[in-house]
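Undergrad: Before we start, here is the structure in question, set down as structure tokens.
Every number in this text was worked out from the coordinates using simple rules, so none of it is lab data. The structure displayed is predicted, hence computed values, not measured ones. Using ideal geometry, Cβ is built from the backbone for each residue, glycine included, and neighbour counts are taken over all protein chains shown.
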Amino acid sequence: MRLIEAVTPGLLICLAIGGFIYVLAPVTLALAYALSSRVAVAQQQVKRAFLAALGLLGFIALFAGLAGDIFFSDWWRILGLWAVFISWVMVVVVIGIVASALRSSAAPPPPPYRPWS
């Protein structure tokens, strides 16, 4: 439960919606990036992961748009299907980053060094 609270349910819900509905997936991925500012633990790493994911999606959008003579609906379908895949990858990545940070913060600090006298 602590992991879900640290990731925030809103971010996970946005990614899950994007993982099932390809038409909304690019929008929900951007919305999840905005919600990543509410992540309690390892916020900078989560934001970097989202920036990498959105950068990849932007590259795919640019490549799909320049690849040939396609209609907007076809371009959005391609973008949406990739965003579905990226959404599920981001669920795993974000949970992994936050779980790792929670584990490392839960570990007790090493005892202070005391020289032999």
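Undergrad: Report the calculated FRET efficiency for ILE21 and ARG48 (r = Cβ-Cβ distance, R0 = 25 Å), to the nearest 0.05.
TA: 0.45
Undergrad: Which listed residue (LEU3, ILE21, PHE85) has the Cα farthest towards the positive end of the charge dipole for the chain, taking +1 on Lys and Arg C-beta and -1 on Asp and Glu C-beta about the Cα centre?
TA: Farthest towards the positive end: LEU3.
Undergrad: Write out the chymotrypsin sites (Phe, Trp or Tyr not before Pro) in the range 20-100 meeting two conditions: DSSP loop, and at most 10 other Cβ atoms within 10 Å of their Cβ. Spell out each step's value before the answer.
TA: Values: sites: PHE20, TYR22, TYR33, PHE50, PHE59, PHE63, PHE71, PHE72, TRP75, TRP76, TRP82, PHE85, TRP88; in loops: TYR22, PHE71.
Qualifying residues, ordered by number: PHE71.
Undergrad: Next question. Relative to the present Cα-Cα distance, how much length would full extension add between ALA67 and VAL89 at 0.36 nm per residue of separation?
TA: Extra length available between ALA67 and VAL89 comes to 5.4 nm.
Undergrad: Per the Kirkwood formula on distinct C-alpha pairs, the Rh of the range 38-102 is how many angstrom?
TA: Computed over Cα pairs of the range 38-102, the Kirkwood hydrodynamic radius comes out at 13.0 Å.
Undergrad: Once R0 is set to 22 Å, what does the formula 1/(1 + (r/R0)^6) return for the Cβ-Cβ distance between ALA40 and ILE13, expressed as a FRET efficiency to the nearest 0.05?
TA: 0.85
Undergrad: Still on this structure, please answer the following. Between TRP75 and ARG2, what is the label-to-label distance in nm when each label sits 7 Å out along the Cα-to-Cβ direction?
TA: The two pseudo-label positions are separated by 4.8 nm.
Undergrad: Do the sum for the chain: with -39,500 (n - 2.57) for every DSSP H run of n ≥ 4, divided by all residues, what is the mean residue ellipticity at 222 nm, to the nearest 500 deg cm²/dmol?
TA: So the calculated ellipticity at 222 nm is -25500 deg cm²/dmol.
Undergrad: Could you give the semi-axes, largest first, of the ellipsoid that matches the chain, computed as the square roots of 5 times the alpha carbon gyration tensor eigenvalues and rounded to whole Å?
TA: Value: 38, 15, 9 Å, ordered largest first.
Undergrad: Separate question: For the chain, what are the DSSP H helices with axial Cα length of 20 Å or more and mean Kyte-Doolittle hydropathy of at least -0.5?
TA: Numbers: long enough: 43-67 (35 Å, 1.22); 72-106 (49 Å, 1.50).
Taking the DSSP H segments of the chain (at least 20 Å long, mean hydropathy at least -0.5), we get 43-67, 72-106.
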